[in-house]
Amino acid sequence: MPAPVELPTSNQGLPRTEHLGRQTSLSQGQATLSWNGVPDRPAHLDDIPTEIWAQAQLFCCSERAQQTNSEFPTFTGPQIESRIEVLEQDIRHTQIMQEIFQMEAGVALVHYHDMKQAEHEEEEKLQKLRKTEKELADLHLIAHTMFAPSSV
């Protein structure tokens, strides 16, 4: 079983971008890469999640990887295109979900503010009612003190 690929923890070791392409230390024929791959192409990275797969493949293309005698990349053109297609679908789906949650959060926020306003209004009503209750209790006490109830 091939050794696990060591992923860089920073941009150090990743291929440099110059103009429109990437500069790597891989020369033609140095790695067994072709658009469609070769029958004995290592497939140990094929089933890992795309985010990790892309990082691993890019690292394998880097000068740092070649200087440390790390593995060569194992990707094929169709693999990249397939992963791009799935990734673009995931991006579209995630964008739609984010927009839905954003709208729902906006509706919930408006509802929250409406409820907080209603709560505040009810609190004010309750304070007025409690004040009136105390005033009536005071009046009741005054009435009993000044005007004794008649016995019938």
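The values are calculated or read from the model by the stated rules, or taken from the named source; none is laboratory data. None of these values were measured; they are calculated from a predicted model. We place every Cβ from the backbone using ideal geometry, glycine too, and count neighbours over all the protein chains shown.
Does GLN89 count as among the polar types (S, T, N, Q), surrounded by 10 or more Cβ atoms within 10 Å (Cβ to Cβ), in contact (Cβ under 8 Å) with a residue 12 or more places away in the chain and within 30 Å of ALA43 (Cβ to Cβ)?
No: the conditions fail for GLN89.
Scan the stretch 57-74 and give yes if some residue there is out of contact with any Phe, Trp or Tyr (no Cβ under 8 Å at 6 or more places or on another chain), loosely packed, with under 10 Cβ neighbours inside 10 Å, on the phi > 0 side of the Ramachandran plot and modelled with pLDDT under 95, otherwise no.
Yes, the stretch 57-74 has at least one match.
Only residues that are free of Cβ contacts under 8 Å to residues at least 40 places away in the same chain, assigned to a loop (DSSP other than H, G, I, E, B) and hydrophobic (A, V, I, L, M, F, W, C): list them for the stretch 29-82, please.
VAL38, ALA43, ILE48
Which one of these does ALA148 not meet: (1) assigned to a helix (DSSP H, G or I); (2) of a type in the set (Gly, Ala, Ser); (3) modelled with pLDDT under 95?
Looking at each condition in turn, ALA148 falls short on (1).
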